C-alpha cells in the first residue's frame with residue numbers, strides 16, 4: 001500500500017514502484033513437500049492513494065490524494081473534515097486488504113497519524129485469527145532535525161524503516177533514536193535527471209539569451225501567495241534586462257490554469273506543464289519556492305533565489321520552533337547561503353528582483369555557485385537510489 005499526498009511524493013512513489021516491481025516479482029518460490037509452495041513469485045498487488053504518477057505506474061488508487069495537499073496549521077484546520085474523511089477511508093481500506101507493507105511517502109503529518117492508527121488497530125486485535133501486522137515504511141524523513149525533535153522518538157513506534165535521502169540523517173537518528181531503523185539510499189533526483197544532466201554536460205544546452213525559470217510551488221495555496229510577488233519581480237527584471245526570457249514550470253494542468261489567471265495580460269512570461277529538466281538545462285537563474293524544487297535547481301547547477309510565504313499563523317508558529325538557519329535544502333547541506341532566501345515579509349518584489357538581477361549580471365558569481373552546488377550534489381550518493389530503496393524494502397519483508 002502506498003500513500004503519497006503531494007506532487008513531489010507522488011513522483012518519488014512512482015519511481016520506487018518501478019524499482020520494486022521487478023524485485024518483488026523476482027522473489028524465488030520456496031517449495032515444500034506438499035503441493036503448495038511456502039512462497040510464490042506472483043506479481044504484487046499495489047494500491048493506495050496518490051496522484052497521476054502513481055496511477056500511471058499501475059497502482060490502484062482509491063482517490064487522488066495530491067488534490068488535497070495543503071501546508072500550515074491554518075489550512076489543515078480549514079480542511080479538517082475532508083482530511084478526516086479521507087484518512088478514515090484509507091484506514092478502512094488498509095484493514096480490508098491487509099497489505100504486507102505500507103509505504104508512506106513524505107506527507108509526514110498525515111502519514112505519521114496513519115501509521116499510528118494502523119498500529120493501534122493491530123494492538124486492538126490480537127490472537128491467532130487476527131495476525132495482520134504490516135511493515136510500515138516512511139520514505140523521506142520528516143524534518144524533525146529542523147524543529148520539534150521529540151517527533152523522532154514517536155516515529156520509533158510508528159515505523160519499521162525510515163528511508164533517508166540526505167547523508168546526515170542516519171547519524172542524526174542513530175544518536176537520538178537508535179531503535180529506529182534508518183537507511184540512507186541517496187537522492188532519487190540523481191537518477192531522475194541522469195539523461196538530462198549528461199546532455200547538458202555534452203554542451204547541448206547553450207541559451208542565446210538569459211532565461212529566468214519561475215517555480216512558484218506545487219500547491220494552489222503556494223501559487224496564490226508566491227505568484228503576485230514573483231510576477232512583479234519578473235517584470236522588474238525584464239525591465240532592467242529586456243532580453244531575459246521568463247518561463248514558469250508547473251507540475252500539472254490545474255496549477256497551470258491558476259497561474260495563467262494571475263499572469264493575465266502580463267507579457268513576457270511563458271507557462272508550461274512538466275518539462276522541468278529541459279527548463280533547468282537552459283536556465284540562467286531561477287526564482288523558486290524554497291521546497292523540494294530547490295534540490296532540482298541544485299542538481300542542474302542553477303543559481304536560484306528562494307522564496308517562501310505562508311499564512312501569518314503558520315509563519316508565527318514556524319519561526320518559534322524551527323532551529324535551523326536556512327530554509328532551502330541546498331543552503332542547509334552547504335551550511336551557508338548559496339541561494340539567497342527571502343521568507344515571508346522579506347519576500348517583496350523589490351528584494352527578489354534585486355537578488356535575481358545580481359545573479360544575472362555576475363557571471364563569475366554564477367560560476368562559483370555552480371561549482372559549490374556540484375560539491376553538494378556529490379554528497380548525495382551515487383546513482384541507484386530507487387534500486388537501493390527497493391532492496392531495503394525487500395530486506396524488511398524477509
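The values are calculated or read from the model by the stated rules, or taken from the named source; none is laboratory data. In this text, all values refer to a predicted model and were calculated from it rather than measured experimentally. Neighbour counts run over all protein chains shown; Cβ positions are idealised from the backbone, glycine included.
Being part of a helix (DSSP H, G or I), more than 18 Å from residue 303 (Cβ to Cβ) and in contact (Cβ under 8 Å) with a residue 60 or more places away in the chain is true for just one of 391, 366. Which residue is that?
391 is the lone residue from the list that is part of a helix (DSSP H, G or I), more than 18 Å from residue 303 (Cβ to Cβ) and in contact (Cβ under 8 Å) with a residue 60 or more places away in the chain.
Every residue, every condition in (1) closer than 23 Å to residue 390 by Cβ; (2) touching a strand residue (DSSP E or B) at 6+ places or on another chain (Cβ under 9 Å); (3) part of a helix (DSSP H, G or I), yes or no:
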position: 85; (1), (2), (3): no, no, yes
position: 102; (1), (2), (3): yes, yes, no
position: 115; (1), (2), (3): yes, yes, yes
position: 129; (1), (2), (3): no, no, no
position: 133; (1), (2), (3): yes, no, no
position: 136; (1), (2), (3): yes, yes, no
position: 149; (1), (2), (3): no, no, no
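Taken as a whole, the structure places residue 256 among residues that are free of Cβ contacts under 8 Å to residues at least 24 places away in the same chain, surrounded by 13 or more Cβ atoms within 10 Å (Cβ to Cβ) and in a helix (DSSP H, G or I).
So that you can scan it fast, the table gives a plain yes or no per residue for (1) loosely packed, with under 15 Cβ neighbours inside 10 Å; (2) outside any helix (DSSP H, G or I); (3) at pLDDT 95 or above; (4) in contact with a strand residue (DSSP E or B) (Cβ under 8 Å, 6 or more places away or on another chain):
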{"position": "314", "(1), (2), (3), (4)": "no, no, no, no"}
{"position": "325", "(1), (2), (3), (4)": "yes, yes, no, no"}
{"position": "333", "(1), (2), (3), (4)": "no, no, no, no"}
{"position": "339", "(1), (2), (3), (4)": "no, yes, yes, yes"}
{"position": "352", "(1), (2), (3), (4)": "no, no, yes, yes"}
{"position": "377", "(1), (2), (3), (4)": "no, no, no, no"}
{"position": "382", "(1), (2), (3), (4)": "yes, yes, no, no"}
